[in-house]
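Worksheet for the structure shown next.
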Amino acid sequence: MSAEDVAADRDVEAAVAFLLRSTRARPQTEAELRAKLLERGWDPEAAAAALARGRELGALDDGAFARAWVEDRGLGRGYGASRLRRELARRQVPDGLIDAAMVAVEERDEEAVALELATERAARLPADLDPERVAARLVGFLARRGYPEGLARRVALRASGLDRRWD
């Protein structure tokens, strides 16, 4: 083995060690880790070898990342499907893995989840706040969570009590 091969192996070992430390700090996608390696000066061959080794060790798994992301933010925090898809795409998770991870969220009743979120949020707003203002705030809240505008408006009307008002 030449001195160049030994140096290249050390580079790969150092890059793998970096990947393991980085993924221990927080889960990341392969694309994010590739970018980090390249930003820190590893050559593309060493970065590719380190990523391959990371996959072998189970430290890199975009499918598991996507499933955990959807479970935490979708099922745990109530984010809407469109926001979850956007976030995973921004993190460069492949489309097929996004589709597979989204199954759990797409099977739920989005309107029921949105209504529960909006009702909880409305309960934390000031009691003397005008119902129209409550509804407007709830629409914005639900939109930021990734719910479609029509659904957000429908749910906000119900959660604010405006759907029960008499003219």
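Assorted remarks:
- Hits in the range 140-163 - residues which are under 15 Å from R86 (Cβ atoms) and assigned to a loop (DSSP other than H, G, I, E, B): R145, G146, Y147, P148
- Residue among L125, L142 that is surrounded by 13 or more Cβ atoms within 10 Å (Cβ to Cβ) and either assigned by TED's automatic domain parsing to the domain that holds A81 or closer than 30 Å to R67 by Cβ (or both): L142
- Take the conditions (1) assigned by TED's automatic domain parsing to the domain that holds R158; (2) surrounded by fewer than 16 Cβ atoms within 10 Å (Cβ to Cβ); (3) of a type outside the set (F, W, Y); L117 misses just one of them, which is (2).
- Verdict on V70 being touching a residue at least 40 places away in the same chain (Cβ under 8 Å), surrounded by 14 or more Cβ atoms within 10 Å (Cβ to Cβ) and among the aliphatic types (A, V, I, L, M): no
- Sub-9 Å Cβ pairs linking a first residue in the range 32-57 that is of a type in the set (D, E) to a second residue that is at pLDDT 95 or above, at least 6 apart or interchain, are E32/R91; E32/Q92, ordered by first then second residue.
- Hits in the range 122-152 (condition: farther than 15 Å from G78 by Cβ and of a type outside the set (G, A, S)): L125, P126, D128, L129, D130, P131, E132, R133, V134, R137, V139, E149
- Filtered by the rule that a residue be among the aliphatic types (A, V, I, L, M) and either on the phi > 0 side of the Ramachandran plot or without any contact (Cβ under 8 Å) to a residue 12 or more places away in the chain (or both), the range 98-147 gives V103, A112, A123, A127, L129, A143.
- So E13, is it over 28 Å from L88 (Cβ atoms), at pLDDT below 95 and surrounded by 14 or more Cβ atoms within 10 Å (Cβ to Cβ): yes
- Boolean, L38 is in contact with an Asp or Glu (Cβ under 7 Å, 6 or more places away or on another chain), surrounded by 13 or more Cβ atoms within 10 Å (Cβ to Cβ) and assigned by TED's automatic domain parsing to the domain that holds E13: no
- Test result for A101, surrounded by 13 or more Cβ atoms within 10 Å (Cβ to Cβ), closer than 30 Å to L138 by Cα, touching an Asp or Glu at 6+ places or on another chain (Cβ under 7 Å) and not assigned by TED's automatic domain parsing to the domain that holds G146: no
- In this entry, R85 is excluded by the filter for residues that are assigned to a helix (DSSP H, G or I), in contact (Cβ under 8 Å) with a residue 40 or more places away in the chain and of a type outside the set (S, T, Y).
- Failed condition for W42, given (1) more than 16 Å from the chain's Cα centre (by Cα); (2) part of a helix (DSSP H, G or I): (2)
The values are calculated or read from the model by the stated rules, or taken from the named source; none is laboratory data. Because the structure is a prediction, the values reported are computed rather than measured. Virtual Cβ from ideal backbone geometry, glycine too; neighbours counted across all protein chains shown.
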